[in-house]
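> Have a look at the structure that comes next, please.
The values are calculated or read from the model by the stated rules, or taken from the named source; none is laboratory data. Just so it is clear, the structure is predicted and the values come from calculations on it, not from any experiment. Methodologically, a virtual Cβ is constructed for each residue, glycine included, from the backbone with ideal geometry; neighbour enumeration extends over all protein chains shown.
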Amino acid sequence: MSDHIALAMLRQLLRIDGIDADDINAIADDLKSEGRDMDAHRVRLTLMEAFAPSESEWQAERARKMIRERTAYIARDGGNAPE
């Protein structure tokens, strides 16, 4: 199995709670103790990537935040916000 496939599987298992983050850290620690520092680093990066929002999730949250801020401004200004 290629490294990319293995890391993608780990990422997906993390997203669906099929594996615990502590288990990923244990895997990385084992790799590091074997002298495979780069592999340990990749596994830890996979942990971060699994919990980072995707580009579309980030943009959707940004749009929701802008709508909330504008709605709050309109409510404070009594509906007289500039267009």
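> Which one is farthest from Asp3 (Cα to Cα) among residues in region 20-69 that are in contact with a helix residue (DSSP H, G or I) (Cβ under 8 Å, 6 or more places away or on another chain) and among the basic types (Lys, Arg)?
Only one residue fits best here, namely Lys32.
> When Val43 is evaluated against the numbered criteria (1) at pLDDT 85 or above; (2) exposed (fewer than 12 other Cβ atoms within 10 Å of the Cβ), which criterion, by number, is the only one it fails?
Condition not satisfied by Val43: (2).
> Turning to a different aspect of this structure: Got a number for residues in region 49-61 being loosely packed, with under 10 Cβ neighbours inside 10 Å and in a helix (DSSP H, G or I)?
2
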